Amino acid sequence: MSEREVTSDEQLVVLARSGDTEAFDELVIKYSPKLYGLVYHMTSNREDAYDLLQDIFTKSYRSLKKFRGESSFYTWIYTIATNMTLNFLKKRKRRSTWSLDVIDSGLQNDQAMIDMSHIANPRHQSEVNELQKRLNEAMQALSEAHRVVVTMHDIQGIAHGQIGDILKVSEGTVRSRLFYAHRQLQGYLQDFIDPRPDLKK
């Protein structure tokens, strides 16, 4: 691939469909990080995520001839990844555990959760740990359909419309699922959201 300049997904797909494995390798390299992020946040298991990612690209390569370009390659492969991950979770009949990596990062940058005295505060640390635990429990309580939109939108920053294209649902449905998921998460965190009397003194 170093002897030619191929940048668009469309060109790479055409080459891959003609048997150019290096062209498909470029697509794999390009989309592996985002797809891994999606799968990992849904399964919360690194080994499962890596295995699923391999299966996703294998299926995508075998299905390239079915890709007609009616949507972008990005949307097409994200749809495959989402469906395969949801099927994986259903077959194993287990709930995904929310990855705390992003939560930890968010807490560290949330001014409301920072001890402004910069002094070690055991009580503060205990509250942070409890908040993390509740977030984890809340995500486990969400249905897979709601968890996937939260993962795509809140973690990966995918727009509502594009999520709708990937999941084959309307943008309104995406927004509705996000609203429901956020409301449920808020319910689990109500004790932390409401001011506590002892902190007003």
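For a quick protection proxy, order the peptides 80-91, 167-178, 58-69 by their average other-Cβ count within 10 Å, most packed first.
On the way: 80-91: 17.2, 167-178: 15.8, 58-69: 12.4.
Going by the mean number of other Cβ atoms within 10 Å, highest first, we get 80-91, 167-178, 58-69.
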- [ ] Take the alpha-carbon centre of the stretch 16-79, take the same for the stretch 131-176, and report the distance between them in whole Å.
- [x] 20 Å
TODO: Report the GluC sites (Glu not before Pro) located in the stretch 1-86 that are in a DSSP loop and have at most 15 other Cβ atoms inside 10 Å of their Cβ, or state none.
DONE: 3, 5, 70
Task: Approximate spin-label separation residue 143-residue 182, in nm, with each point projected 7 Å along Cα-to-Cβ - done: 2.0 nm
Open item on the list: Between residue 11 and residue 32, what's the calculated FRET efficiency when r is the beta-carbon distance and R0 is 25 Å? Round to 0.05.
Closed with: 0.85
Open item on the list: I want the local charge near residue 169. Using Cβ-Cβ distances under 15 Å, sum +1 for each Lys or Arg and -1 for each Asp or Glu among the other residues.
Closed with: +1
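Values in this text are rule-based calculations from the coordinates and carry no lab data. Quantities reported herein were computed from a predicted structural model and do not represent experimental measurements. FYI the Cβ positions are ideal-geometry reconstructions off the backbone, even for glycines, and counts take in every protein chain you see.
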